[in-house]
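Colleague: Just passing along the structure, written as structure tokens.
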Amino acid sequence: MGSLDQLVAVVTGAGRGIGREHALLLASEGAAVVVNDLGGAPDGTGAESAPAEQVAAEIRAAGGRAVANTDDVADSVGAQRIIDTALSEFGRLDIVVNNAGILRDRVLVNISDEDWDLVVRVNLRGTFLVTRAAGRYWREQSKAGRQVSASVINTSSESGVFGNPGQANYAAAKAGVASLTQVAAKELGRYGVRVNAILPQARTRLTEGAFGDALAAKEGAFDRWDPANVSPFVAYLAGPSCQITGEVFIAGGSRVQRVRPWERDPDWKLQTEGRWTVAGLEKAVADAGVPQGQKWTANPGKGAK
Ligand SMILES: NC(=O)c1ccc[n+]([C@@H]2O[C@H](COP(=O)([O-])OP(=O)(O)OC[C@H]3O[C@@H](n4cnc5c(N)ncnc54)[C@H](O)[C@@H]3O)[C@@H](O)[C@H]2O)c1
């Protein structure tokens, strides 16, 4: 008996890296899986059907249920087709893992229009489009009086919530994914859908370029950067025993850690009567002290997270 028996999952970007591990684990827990992957390069160029097909074949060879899909998550027809594939092949949908992502790291002043648009398109628009298609299905089910117990797991990044230099496009997109998660949790809860996000930590082609040997497995020791370490928490969030919604967690190695949402700072608040004047603000800020901002970054210096 698996924790996800009888359930149907979509995992985007599941042909490689972390998404592949999610798909394999969800399937081994009993879920039927739509293995989506466009099969392009880390920068979003190109397309190939082999990665999705191989993972789906691997699941079937192990006795699980899986079907490959090679649509682009950021195309609205494609995103709808990913969800429709779950319904036509397996008759229902319970779990969506939005994992597909790309990188085009540059300092802000060197980011081209295309570098900006494509990174935001895949990471943020792709997450939105797949979630919208799934959300419409669950709304319809709920309104038809059927009991819905569904889960969406989005993939943000420490870069997005802590602001990694060199990744303005990626960080903005991933911060958007974290905000989208909070709003989707509030809106879709009434239909029986929970929505959470993870900030994964793993050795994949996206991180190996930047960190290289630092992420290598050490003989005889627990492989802290193995992408498979991220998947058990995703499978837990996906399952019917989980009640968590609207939250964001770091997941990697042996650790799962909640990230607090943005919050109003009770210790830095300026209040006046009526409208502020600039001179009044200059004095008030001098009295309160200049805010020091974030005390640390996810990944000081360089790197892709
Ligand atoms: N590796 C890390 O430590 C790390 C850290 C933070 C966030 N992430 C995020 O985790 C997710 C998985 O990344 P990964 O490290 O496994 O990288 P990866 O490149 O190995 O996997 C990403 C997969 O997404 C697919 N993909 C890209 N664009 C797509 C599209 N438009 N439609 C469908 N599929 C598409 C790719 O073909 C690829 O197989 C990404 O969202 C990434 O931003 C990874």
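Colleague: Classify segment 8-258 from the C-alpha gyration tensor, please: rounded if a/c falls under 1.5, else prolate or oblate depending on whether a/b exceeds b/c.
Modeller: It is rounded, given that a/c, with a ≥ b ≥ c, falls under 1.5.
Colleague: Moving to a separate point now. Nearest 5 is fine: what % of DSSP beta bridges in segment 192-296 come out antiparallel, could you say?
Modeller: Of those bridges, close to 50 percent are antiparallel.
Colleague: Which aspartates and glutamates, if any, have their Cα less than 16 Å from the Cα of Lys283, not counting same-chain residues under 8 positions apart?
Modeller: Correct list for Lys283: Glu273.
Colleague: Under unit Cβ charges (Lys, Arg +1; Asp, Glu -1), what dipole magnitude, rounded to 20 debye, does segment 8-258 have relative to its Cα centre?
Modeller: The calculation lands at about 960 debye.
Colleague: Could I ask something else about it? By average Cβ neighbour count within 10 Å, what is the ranking of 199-208, 105-114, 262-271 from highest down?
Modeller: Peptide ranking by packing, descending: 199-208, 105-114, 262-271.
Colleague: Separate question: For the chain, give the share of DSSP beta bridges that are antiparallel, in percent and rounded to the nearest 5; count only bridges with both residues there.
Modeller: Taking every DSSP beta bridge within the chain, about 15 percent pair in antiparallel fashion.
Colleague: Among 86-96, 153-163, how do they line up by average Cβ neighbours within 10 Å per residue, starting with the highest?
Modeller: Listed from highest to lowest mean packing, they are 153-163, 86-96.
Quick note: the coordinates plus some simple rules give every number you see, no bench work behind them. All values derive from a computational prediction rather than experimental measurement. Methodologically, a virtual Cβ is constructed for each residue, glycine included, from the backbone with ideal geometry; neighbour enumeration extends over all protein chains shown.
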